[in-house]
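Everything on this sheet refers to the single structure shown next.
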Amino acid sequence: MDFSGKSLCILGCGYVGEAVARAALQGGMTVTALTRNPEKAAALRELGLAKVVVTELDKDDWHGELSPEQDFVLNCVSSAGGGLDGYRKSYVDGQRSVLRWAAAAGTIGTLVYTGVTSVYAYYDGELVTEDDVTEAQSPSGEILLEAEKVLFDKPHPGIERAMVLRLGGIYGPTRHHLLDQLRRGETTFAGRGDFVVNYIHRDDIVSAVFACFGAPESIGDRAYNVVDGHYPSKAEIVEWLAAQLGMSKPDFDPDAQTARAGVRQGPQGKMPNRRVDTTRIRKELGWSPKYVDFREGYRELL
C-alpha cells in the first residue's frame, strides 16, 4: 500500500513509536505524536514530525492539540512507572482517553494498539493462538488485558476499526539485555534456561504495524500475535551469544531467581512457558519477519 500523503498520530512515541515514525516519514506520511518525555519530544521534532505534544496519555489536555482526523493512530504507550498504578494510568486510563478523543470529533481509519503475549498464561510449551483463552500471567498483565477489552468493547464513535498487536519479547538496536549481561562479564544467569522465548525484533514490529494499516477493508477489529516464530530456549540464546563473543558457556542458577516479580506460577510452581503462534497475521495480512530468528537479529547488533 502507498502511504504517501496519509496522516499518522503516534501516542506514546518511545522505542517502537520512534521507529514507526521514521518509517512513516520515509513513506511520505504526515506524522504527529504524543510523549511524556521532553527530551524525546525534541528528538522527534528534529526528525521532522509535524507536531509533538508533551503530556500524559490519560489526561485530556492533549485532545485539542492533536487532530483526531487521522488515517491511522498507533497507541504504543509504555508504563508511566510507579508499579501497578502506573500501568493502569498508561494502559487502561490512557486507552479511555484515546477513545474520548476519537469520539469528540474524530474520523480514525485504523487504530493499532501494541499489547503483549503475556495475556496467555500457559505453562507446558503449548502452541497458543489468538483464539485461545486469555488469562494474564501477572497483575500487570491483567491491566494490559483490560486495556484490550476497553478497546474491543465497541461501539467506539470515531474509530472505523481497532487492532491489537500482541508483542513478544522486544529486542533490537539499543535494547538487548542478554547481550548486555554477557558484555558486562556475567557468567551466571538467574533462573532456569529451558523456557521458550518468544522474541520479536523492533523492526519487525514496525512492519507488522504497517501491515495492519494496509489491511484489506474486509478485515475489521482483530488481534494478532507478533513474534518471529522460532521458539528458542533462553539457554540457547545465551549460549549462542556467548560463543559469538568468544566466551565460555554460561550457567543458569534456578535458585537465584525462580520467578520474575509479579509473575504467577502455574501448577506445581511452573513458570509461564508457551509458543506463540503467528499463523493469523501471516495469512490474513501477508506479514512475515525479516529477522526469522534471534541469530539473524543479533548478528546485526553484534
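The values are calculated or read from the model by the stated rules, or taken from the named source; none is laboratory data. Bear in mind that the values here come from a model prediction, so they are computed numbers and not experimental data. Cβ sites come from the backbone with ideal geometry, for glycine too, and all protein chains shown count toward neighbours. Accessible surface is based on the protein model in full, side chains and every heavy atom, while ligands, DNA and RNA are left aside. Shrake-Rupley method; radii C 1.70, N 1.55, O 1.52, S 1.80 Å.
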Practice prompt. Would you confirm whether any residue within the stretch 27-44 is over 22 Å from Arg166 (Cβ atoms), buried (at least 24 other Cβ atoms within 10 Å of the Cβ) and of a type in the set (Ser, Thr, Tyr)?
Written response: yes
Practice prompt. Check Lys149 against each of (1) open to solvent by 20 Å² or more (accessible area, probe 1.4 Å); (2) charged (D, E, K, R); (3) in a helix (DSSP H, G or I); (4) under 28 Å from Asp2 (Cα atoms) and name the one condition it does not meet.
Written response: (4)
Worksheet item: Considering only the stretch 160-196, how many residues are open to solvent by 30 Å² or more (accessible area, probe 1.4 Å), within 19 Å of the chain's Cα centre (by Cα) and hydrophobic (A, V, I, L, M, F, W, C)?
Response: 2
Practice prompt. Output the residues belonging to the stretch 217-258 that are within 30 Å of Leu151 (Cα to Cα) and free of Cβ contacts under 8 Å to residues at least 60 places away in the same chain.
Written response: Glu217, Ser218, Gly220, Tyr231
Worksheet entry | All positions within the stretch 45-55 that are open to solvent by 40 Å² or more (accessible area, probe 1.4 Å) and either among the aliphatic types (A, V, I, L, M) or within 18 Å of Ser79 (Cβ to Cβ) (or both) | Leu47, Ala50, Val54
Discussion item. Within the stretch 105-141, take every residue that is open to solvent by 50 Å² or more (accessible area, probe 1.4 Å) and at pLDDT 90 or above and give me the one that is farthest from Lys6 (Cα to Cα).
Written reply: Glu126
Worksheet item: What's the number of the condition His156 fails, among (1) open to solvent by 20 Å² or more (accessible area, probe 1.4 Å); (2) more than 24 Å from Lys59 (Cβ to Cβ); (3) not in a helix (DSSP H, G or I)?
Response: (2)
Discussion item. Restricting to the stretch 97-136, give me the number of residues that are of a type in the set (S, T, N, Q), out of contact with any Lys or Arg (no Cβ under 6 Å at 6 or more places or on another chain) and not in a loop (DSSP other than H, G, I, E, B).
Written reply: 4
